[in-house]
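As structure tokens, the structure follows; a few thoughts come after it.
The values are calculated or read from the model by the stated rules, or taken from the named source; none is laboratory data. Keep in mind it's a predicted model, so treat the numbers as computed, not measured. With ideal geometry, Cβ positions are generated from the backbone for all residues, glycine too; neighbour counts draw on all protein chains shown. We work out accessible area using only protein heavy atoms, side chains counted, and drop any ligands, DNA or RNA first. Shrake-Rupley method; radii C 1.70, N 1.55, O 1.52, S 1.80 Å.
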Amino acid sequence: MLQLPESLLGSISYEEFLRDYWQKKPLFIKNAIPDFESPIDEHELAGLALEEQVESRLVMETGPNGEKWHLENGPFKEDRFNSLPESHWTLLVQAVDHYVPEVAALMEAFDFIPSWRVDDIMISYAPKEGSVGPHLDYYDVFLLQAQGSRRWQIGGFADDKTPFIPDVALRILQEFDAMETFVCEPGDLLYLPPQLAHYGVSQTDDCMTWSVGFRAPSADEIVTSLADFIGESLCEDDRYKDPDLTLQAHTSEISDEAIARVKAIITEKLSNEATIKAWFGRYMTQPKYHDQLIAAEKPLTEAELIKEMAQGVVICISEGSRLAFSEAENGLLLFADGDGFDVSVADKLILLRLTEQKSLDESELYSSSNDFIGIILELLNRGTLYLSD
Ligand code: SIN
Ligand code: CO
């Protein structure tokens, strides 16, 4: 099992990190996890990249036809790994935390950031000189060196308008000026805020880097998704009305009064806090891969659940499932994998237990109301939760 220190940030407190670094500037923590030993090796990582449902990529600095920066998407055939050059390539496997509980265990160390901001843990493996080129990400990322060593060069902040190398499937920066350099060894951690240009190059033949990524929806995604959510509950007769219409000088003019009527509808529908809350929790808990949520073939009944729990079985959260909650006017809202459930205030402790301890045993479950047990049963049958002995 992973041996995690009390804090990953060394002498920097969580408050200090959030105030001075988070979304602002990079932070390098030497030996953040002392004696770190990766619970997964390159063979297991390559094994995951053979699987149909796992998202993986291979980046080669020079492609099979001599082209610069070549990208291949998985799943891969086993013999692909036998025909790779000695150096200058990287295998990247997304969401390894969904498949390897020992990797998922690292997330506990990031509890100082809201869990619904987490995207996944991507793991890269590279022989000497392997790299994905200088680039920027739109996500905050903590780069944990798991094995071997990698030299990270950090540039300035960049954006969509910064020129990328043309005709390459990867968004590699055309120009990159290193302003800081860190050499990461096992257990070292580097935090990078979004849009900071960076360039990591493997220094050894066994370089493995874990990227703990945090997602943030774009304004486009927020507006589009919120509008879709609200639209579903609106009826046909709720529409633009103008009983205050007065005679216009020009029949084809869209007057400021007309715009004010439309704006009033937009403001009324889109800025209701309770609606935003109901949508945002659902949106931020949507699973990264919807098809990986496995619903029960034969739904479990309450009687069966009671029997199982009496035998010492515990309720756990499926790897890759997302839970969050909000305080609501008359209780709480529990969000789970893109859906929402009303929970009474009396069940707050048990809800916190589930979302923070990430498991429930028999006595904990029976301290909750029948309604909450009903929600648990529903989440077990949807695949958000599972029973483990
Ligand atoms: C890598 O692990 O090689 C790349 C990670 C990143 O820069 O985002
Ligand atoms: Co990156």
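Here are a few things to note about the model shown:
- Enumeration of residues in region 130-164 that are within 14 Å of ligand 2 (Cβ to nearest atom), without any contact (Cβ under 8 Å) to a residue 40 or more places away in the chain and within 23 Å of the chain's Cα centre (by Cα): ALA158
- Residue in region 255-265 that is under 24 Å from GLY281 (Cα atoms), open to solvent by less than 90 Å² (accessible area, probe 1.4 Å) and in a loop (DSSP other than H, G, I, E, B) present: no
- Some residue of region 172-189 being under 19 Å from the mean Cα position of the chain (by Cα) and within 16 Å of ligand 1 (Cβ to nearest atom): yes
- Residue count, region 83-109 (criterion: touching a helix residue (DSSP H, G or I) at 6+ places or on another chain (Cβ under 9 Å) and either in a strand (DSSP E or B) or surrounded by fewer than 20 Cβ atoms within 10 Å (Cβ to Cβ) (or both)): 6
- Residue list for region 291-338, filter: assigned to a strand (DSSP E or B), under 26 Å from the mean Cα position of the chain (by Cα) and farther than 13 Å from ILE376 by Cα: ALA324, PHE325, SER326, GLU327, ALA328, LEU332, LEU333
- Breaking point among (1) away from ligand 2 (no atom under 12 Å from the Cβ); (2) open to solvent by less than 10 Å² (accessible area, probe 1.4 Å), for THR209: (1)
- Residue count for region 110-145, restricted to those that are more than 10 Å from ligand 1 (Cβ to nearest atom) and small (Gly, Ala, Ser): 1.
- For region 274-331, filtering for residues that are β-branched (Val, Ile, Thr), touching a strand residue (DSSP E or B) at 6+ places or on another chain (Cβ under 7 Å) and closer than 23 Å to ASP220 by Cα leaves 1.
- Pair list, Cβ under 6 Å, 6 or more apart: region 189-203 residue crowded, with 19+ Cβ neighbours inside 10 Å, other residue among the polar types (S, T, N, Q) and in a loop (DSSP other than H, G, I, E, B): VAL201/SER131
- Against the test of being in a strand (DSSP E or B), of a type in the set (Lys, Arg) and surrounded by fewer than 18 Cβ atoms within 10 Å (Cβ to Cβ), the options ARG80, ARG57, ARG151 yield a single qualifying residue, ARG151.
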